[in-house]
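All remarks here apply to the structure that follows.
The values are calculated or read from the model by the stated rules, or taken from the named source; none is laboratory data. Just so we're clear, the structure is a prediction, and the values are computed from it rather than from any experiment. Here the Cβ positions follow ideal geometry from the backbone for every residue, glycine too, while neighbour counts run over all protein chains shown. In case anyone asks, the SASA skips ligands and DNA or RNA and just uses the protein heavy atoms, side chains included. Shrake-Rupley method; radii C 1.70, N 1.55, O 1.52, S 1.80 Å.
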Amino acid sequence: GLIVQYLIEIAPEDGNATAREVRSLRVATQPEGCVVDDKAGALFVGEEDAGIWRFDASADGAAQGTLIARTRPEGELVADVEGLAIYRGDTEQEGYLVASSQGDNTYAVFDRAAPHSFRGRFQVRFDGDIIGDTDGLEVTSAPLGDDFPRGLLVVQDGFVRTGGRLGMQELTGERRFQRFAYISWADVEAALNLSD
């Protein structure tokens, strides 16, 4: 459950970087993905079996976090909680926190700003296959051409595909290839009615 925060400093005279530990934080069990919302000064940490924590991101901030989203049966996430990313809006109050809910192969969306209301969940499919077992994801709100006018969500597909079918492959010295799915944020907005 240990999370360690470092301050990275770059010397102006030679460009060399040094890192020093400035504080440590804890959650009760296994932490996974994390993301910092610089504008809001918040660090979000996924705890596999519990949910998503919000901490003050400043080096001298409180070490106590707030659990803002829980796993089932009380919450909207299904353990394991994995990757986290911020879809930035035009202001600090706009945008979303996106989480990989690995236990049910879905992606959950919460308001970026407190109280971080749950906006919905969705699943990604390609050629009939579920994209899932996602450890990591990233999202941008930057328009990226005609296919991604409102931004792009990239999710890691942790399933191993064999013969065109979904299959779990034992890691016995064989290489395990994974893929990534690219999802237009406009499709996420439409599926969850985020423009309302």
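For this structure, a couple of remarks:
- Any hit, segment 59-67, residues being exposed (fewer than 10 other Cβ atoms within 10 Å of the Cβ) and assigned to a loop (DSSP other than H, G, I, E, B): yes
- Any hit, segment 84-92, residues being more than 24 Å from Phe118 (Cβ to Cβ), open to solvent by less than 70 Å² (accessible area, probe 1.4 Å) and in a strand (DSSP E or B): no
- Considering Ile68, Ile52, Ile10, Ile3, the condition of being β-branched (Val, Ile, Thr), more than 25 Å from Gln93 (Cβ to Cβ) and out of contact with any Cys (no Cβ under 8 Å at 6 or more places or on another chain) is satisfied by Ile10 alone.
- Where strands (runs of 3 or more DSSP E) fall entirely within segment 115-196, those with at least 1 residues that are under 16 Å from Asp104 (Cβ atoms), at pLDDT 90 or above and not basic (Lys, Arg) are at 118-122, 124-126, 137-140, 152-157.
- Selected residue [in a strand (DSSP E or B), over 23 Å from Ser24 (Cα atoms), under 17 Å from the mean Cα position of the chain (by Cα) and of a type outside the set (Ser, Thr, Tyr)] from Val98, Val45: Val98
- Any hit, segment 35-47, residues being open to solvent by 60 Å² or more (accessible area, probe 1.4 Å), closer than 17 Å to Ser117 by Cβ, in contact with a Leu (Cβ under 9 Å, 6 or more places away or on another chain) and not acidic (Asp, Glu): no
- Listed by first and then second residue, the pairs linking a residue in segment 91-115 that is more than 18 Å from Ala40 (Cα to Cα) and in contact (Cβ under 8 Å) with a residue 12 or more places away in the chain to a residue that is part of a loop (DSSP other than H, G, I, E, B) and open to solvent by 10 Å² or more (accessible area, probe 1.4 Å), with Cβ atoms under 6 Å apart and 6 or more places separating them unless they lie on different chains, are Ser101/Val78; Gln102/Asp80; Gly103/Val78; Gly103/Ala79; Gly103/Asp80; Asp104/Val78; Thr106/Gln123; Ala108/Glu76.
- Consider segment 1-34 and keep the residues that are polar (S, T, N, Q) and part of a strand (DSSP E or B). The one that is most open to solvent (accessible area, probe 1.4 Å) is Thr18.
- Gln93 modelled with pLDDT under 95 and in contact with a Gly (Cβ under 9 Å, 6 or more places away or on another chain): no
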